[in-house]
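The next block holds one structure in the form of structure tokens; read it before the comments.
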Amino acid sequence: MKDNLEQLVRDKRTQFDDKTPDEKVWRKIAKDLEGKQNYIWLWKVAAIIFFAMSVLLALKVDFTSEPLMAKSTNAQQSEFEAVETFYFDMISEKKSLIYDFEERNKAIDQDFEQDLQKLDAMYQVLKEELVRNPSKKVVDALILNLLVRIDILNEQLQDLDTDDDVDEGSSSKEVNA
């Protein structure tokens, strides 16, 4: 039956193409559309409110406590403090290893001490800048400073370790001779 209807429509299509609806029909359609357009602005406002609430819920914004910027800064500050503590512990551990070498009468390169002092002075300046102007760039510079210190300490430990291996090798040769 569906095929018969489709065939009928195809056969009679040319007869329907020249027909247009009456002017009364167009006026009724226009009147119905005008009444519905009065509520379109209401749907637009509802959509905007829904979108804004969705974004706020997605970000989990809490309007009852501190402003969003302050929360972000506090979170960054506590995160940085944790990283800073971790690196300071690592630096302290490496320094104690180096000073253990010094106690065993090993010569320690004094240039590395000066480099560490310069890095410490730069670190203090950066900390003051962080207080005046908290930004990710300053935090990154502080972390980079700590990483450079660790790298210098690692190089010094490696130099002392290779010197220690060379000294042990030469003393064992003397004993064998």
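The values are calculated or read from the model by the stated rules, or taken from the named source; none is laboratory data. Fair warning: this is a prediction, and the values are worked out from it, not measured in the lab. Here the Cβ positions follow ideal geometry from the backbone for every residue, glycine too, while neighbour counts run over all protein chains shown.
Annotation note: Cβ proximity below 7 Å between a residue of segment 114-132 that is under 18 Å from THR85 (Cα atoms) and a residue that is of a type in the set (D, E, K, R) and assigned to a helix (DSSP H, G or I) (sequence gap 6+ or interchain) occurs for LEU116/ARG149; LEU119/ARG149.
Looking only at residues in segment 97-109 that are assigned to a helix (DSSP H, G or I) and over 25 Å from LEU126 (Cβ atoms), the one that is modelled with the lowest pLDDT is GLU103.
Test PHE86 against the criterion of being part of a helix (DSSP H, G or I), under 23 Å from the mean Cα position of the chain (by Cα) and modelled with pLDDT of 80 or more, and give yes or no. Spelling it out, PHE86 is indeed part of a helix (DSSP H, G or I), under 23 Å from the mean Cα position of the chain (by Cα) and modelled with pLDDT of 80 or more.
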